[in-house]
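Here the structure comes first, spelled out in structure tokens, and everything after it is commentary.
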Amino acid sequence: MLILDFPSIGLFNLRAGDIAKELGTTRKIILEAIENLLVVGYIKTKVVSECYSRTTELTSDFLMLINEGV
């Protein structure tokens, strides 16, 4: 849900450690959650090695699932 707080015109671009700090959890748990979302096809992500950050995009399947819950 943190990804949804970012403007839809841009890509979500935070390091796993930054996300963990924001959510009050550990980097390891965030990396596992990201991997799980990738496996089920809810996000697309790319790690930018120069700055160790990650760009993440929600897939249309995930957005549809979220909208159905509203």
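At a glance:
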{"quantity": "Computed label-point distance, nm, for sites LYS28 and SER60 using a 7 Å Cα→Cβ extension", "calculated": "3.9"}
{"quantity": "Under-5 Å amide H pairs with TYR42, H placed in peptide plane, nonlocal only", "calculated": "none"}
{"quantity": "Vicinal HN-Hα couplings computed from phi for the stretch 18-33 (Karplus, 6.51 cos²θ - 1.76 cosθ + 1.60; Hz; Gly/Pro x)", "calculated": "5, 5, 4, 4, 4, 9, x, 9, 9, 4, 4, 5, 5, 4, 5, 5"}
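Computed from the coordinates by the stated procedures, all read-outs in this text should not be read as laboratory data. Not measured: the values here are computed from a predicted model. Virtual Cβ from ideal backbone geometry, glycine too; neighbours counted across all protein chains shown.
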